[in-house]
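Structure first, commentary second.
The values are calculated or read from the model by the stated rules, or taken from the named source; none is laboratory data. In this text, all values refer to a predicted model and were calculated from it rather than measured experimentally. We place every Cβ from the backbone using ideal geometry, glycine too, and count neighbours over all the protein chains shown. Surface areas here come from the heavy atoms of the whole protein model, side chains and all, with no ligands, DNA or RNA. Shrake-Rupley method; radii C 1.70, N 1.55, O 1.52, S 1.80 Å.
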Amino acid sequence: MQHQNMDWLRRQPVAHRGLHDKAAGIPENSRAAIMAAAEAGYAIELDIQVSADGVPMVFHDDTLDRMTGESGRVDSFRAGDLRGMTLGDTGETIPTLRDVLKLVAGRVPFLIEVKAARGKVGPLEAATFAALEDYRGAFAIQSFNPRSILWFKRHAPFVPRGQIAMDFRMDDEPLRLHEQWVMTHMLLNPITRPHFIAYDIRAVPSRATRRARAQGLPLLTWTVRTTAERKRASEHADNIIFEGFRP
């Protein structure tokens, strides 16, 4: 795998979980949402959870309850079972990472968030890299978990990797105070060496985001939904991860 051109991280707006539209029957992280984003020319942000048999599945939540008629953790089901589960009351089903790579086939870039289920790092990262190793299109991976970013630095250094962060005092499940400080200010970046940052729009600008940009790192901001957020992003970030409108 060769070094990738990462210019798209600065210039190509990124559709959050694809170009989804619940009212139109297009659920998040679905094939339909991914195709809609590709056809509109947007980069595509999606989420990866691991199945019980180690397959990267395109799904945001740790549990199935919100998005499907099933309940339980994603990582307690095999990929074959997950692929048969419908998303909401639509005809869409949960795709694998390989499914959507084949669907887009390099037309637009992917921004892939690796979700470290139960805090485990290694198996999902390795399976994700295996799926991406021969892919000809542009992509980058990102994660909240610095250990996941470190895995890619060590094992797949040519893969563009990004640190997702926020002001963790705003989190619904707050970390311990010292962890909040470390993660909010991205103090592990000198070890993990991310190629870009994705930071919560509610906390942009901040000391951490200004420092990252001063170091030359592209700053993406999420999830941009309103006119005010678009304005703030245009002033203080390089690109947006958006939903609910078309930039």
(request) May I ask you to list the residues in region 213-239 that are within 17 Å of V14 (Cβ to Cβ), surrounded by fewer than 22 Cβ atoms within 10 Å (Cβ to Cβ) and of a type outside the set (K, R)? (result) L217, T223, T226, E229, S234, H236, D238
(message) Being buried (at least 20 other Cβ atoms within 10 Å of the Cβ) and either aromatic (F, W, Y) or assigned to a loop (DSSP other than H, G, I, E, B) (or both) is the filter here; which residues of region 14-54 pass it?
(response) R17, G18, L19, H20, P27, E28, N29, S30, Y42, S51
(request) Out of D81, D89, D75, report the one residue that is more than 25 Å from P218 (Cα to Cα), part of a helix (DSSP H, G or I) and open to solvent by 40 Å² or more (accessible area, probe 1.4 Å). (result) D81
(message) Considering only region 98-112, I want to know if a residue exists there that is surrounded by 21 or more Cβ atoms within 10 Å (Cβ to Cβ), of a type outside the set (A, V, I, L, M, F, W, C) and touching a helix residue (DSSP H, G or I) at 6+ places or on another chain (Cβ under 8 Å).
(response) yes
(request) For region 115-139, enumerate the residues that are among the aromatic types (F, W, Y), under 17 Å from D47 (Cβ atoms) and open to solvent by 10 Å² or more (accessible area, probe 1.4 Å). (result) F129
(request) Write out, first by first residue and then by second, each pair whose Cβ atoms fall under 9 Å of each other, whose residues are 6+ apart or on separate chains, and whose first residue, in region 140-151, is within 18 Å of A130 (Cβ to Cβ) and open to solvent by 10 Å² or more (accessible area, probe 1.4 Å) while the second is aromatic (F, W, Y) and assigned to a helix (DSSP H, G or I). (result) W151/F129
(request) Only residues that are open to solvent by 80 Å² or more (accessible area, probe 1.4 Å) and more than 15 Å from L217 (Cα to Cα): list them for region 174-190, please. (result) P174, R176, L177, H178, W181
(message) If a residue must be part of a helix (DSSP H, G or I), surrounded by 12 or more Cβ atoms within 10 Å (Cβ to Cβ) and either polar (S, T, N, Q) or at pLDDT 95 or above (or both), how many such residues does region 152-173 contain?
(response) 3
